[in-house]
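Beneath this line is the structure, given in C-alpha cells, with notes to follow.
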Amino acid sequence: MNGFVGMIGYGFFRQNRQEGENLVNKQLIEDTLRLLHTEMSPIAGIELQPSPAACEQLISVLERHDLEYSRKVNLLGIYTILTLAAERHMECIPHHPDLTRNILDGDYLYSFYLQFAVKCRELDLVAYLAPSIKKMQIRRSNGDFAEHDPATGIEEFLIQECRQRSRTSKAI
C-alpha cells in the first residue's frame, strides 16, 4: 500500500510541477510579447501571434541553461521575430492577393530582429545565426522550403557561450 501511495504522491507532485512550469512559461511568453509590442512600430500593422508550440521549442532550450529571466525574455523575443519572419515569407505564393504584404511583413520582421537584437545586446548571437539565416533565405529563394528552426541555432550558441565562459573562468 505504501508504494501505491508513493506513486500517487509522485504523480501529484509531477502534475503540480508541470502546472507551475506552465504558469512560468505562460508568463515568459506574455512578458516577451508585451516587450515586442512596445518595441515594434505600430505603423507596421503586424500582429505578433506565435504558436504556443513554437514558443515551447525555445522555452525547453532556455530551461536547460542558467539564464537571467530578462535574457530569457530577450532570446524568446528574438526567436519569435525570426519564426514569424520566416512564416510570413513562407506565405508568399505567386499571384496571391497578400503576396506583397507578406513579403513586406517578412522583410520588416527581419529588420526588426536586427534592431531588437542590438538593443538587447545580443550581437554575438546575431553574428552566430547570420550564416544559417542567410543559407535558409537562399534555399527558399531557390524553391527549397525545408523547415528552419532558430531554436537549434540559439541552443548551439548558448552552449558555445557557456564553454567560452568556462574556459575564461579556468584561465583566471
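The values are calculated or read from the model by the stated rules, or taken from the named source; none is laboratory data. Model, not experiment: these values are computed from the prediction. Quick reminder, even Gly has a Cβ in these numbers, built from the backbone with ideal geometry, and neighbours come from all protein chains shown.
Return a yes/no flag: does region 151-162 have any residue that is closer than 14 Å to His89 by Cβ, under 14 Å from the mean Cα position of the chain (by Cα) and assigned to a helix (DSSP H, G or I). No, there is no match, as no residue in region 151-162 is closer than 14 Å to His89 by Cβ, under 14 Å from the mean Cα position of the chain (by Cα) and assigned to a helix (DSSP H, G or I).
Of all the numbered requirements in (1) within 24 Å of Glu56 (Cα to Cα); (2) in contact (Cβ under 8 Å) with a residue 12 or more places away in the chain, Ala146 misses one, and that requirement is (2). Among residues of region 114-138 that are among the polar types (S, T, N, Q), those with a beta-carbon under 9 Å from a residue that is crowded, with 17+ Cβ neighbours inside 10 Å and outside any helix (DSSP H, G or I) at least six positions away or on a different chain give the pairs Ser132/His148.
Within region 80-133, the set of residues being modelled with pLDDT of 75 or more and in a loop (DSSP other than H, G, I, E, B) comprises Cys120, Arg121, Glu122.
Among residues of region 60-74 that are surrounded by 12 or more Cβ atoms within 10 Å (Cβ to Cβ), those with a Cβ under 9 angstrom from a residue that is of a type in the set (Ser, Thr, Tyr), sequence gap 6+ or separate chain, pair up as Val61/Tyr79; Val61/Thr152; Lys72/Thr32; Val73/Thr32; Asn74/Thr32. Restricting to region 138-148, and then to whatever is surrounded by fewer than 16 Cβ atoms within 10 Å (Cβ to Cβ) and of a type outside the set (Val, Ile, Thr), can you tell me which residue is nearest to Pro52 (Cα to Cα)? Checked region 138-148; the qualifying residue nearest to Pro52 (Cα to Cα) is Glu147.
Set side by side, the residues Ile29, Ile8, Ile46 differ, and just one is β-branched (Val, Ile, Thr) and modelled with pLDDT under 85, which is Ile8.
Ser166: in a helix (DSSP H, G or I), among the small types (Gly, Ala, Ser) and either in contact with a Ser or Thr (Cβ under 7 Å, 6 or more places away or on another chain) or closer than 16 Å to Tyr110 by Cβ (or both), yes or no? Steps first, answer last, please.
Working: in a helix (DSSP H, G or I): yes; among the small types (Gly, Ala, Ser): yes; either in contact with a Ser or Thr (Cβ under 7 Å, 6 or more places away or on another chain) or closer than 16 Å to Tyr110 by Cβ (or both): no.
In short, no.
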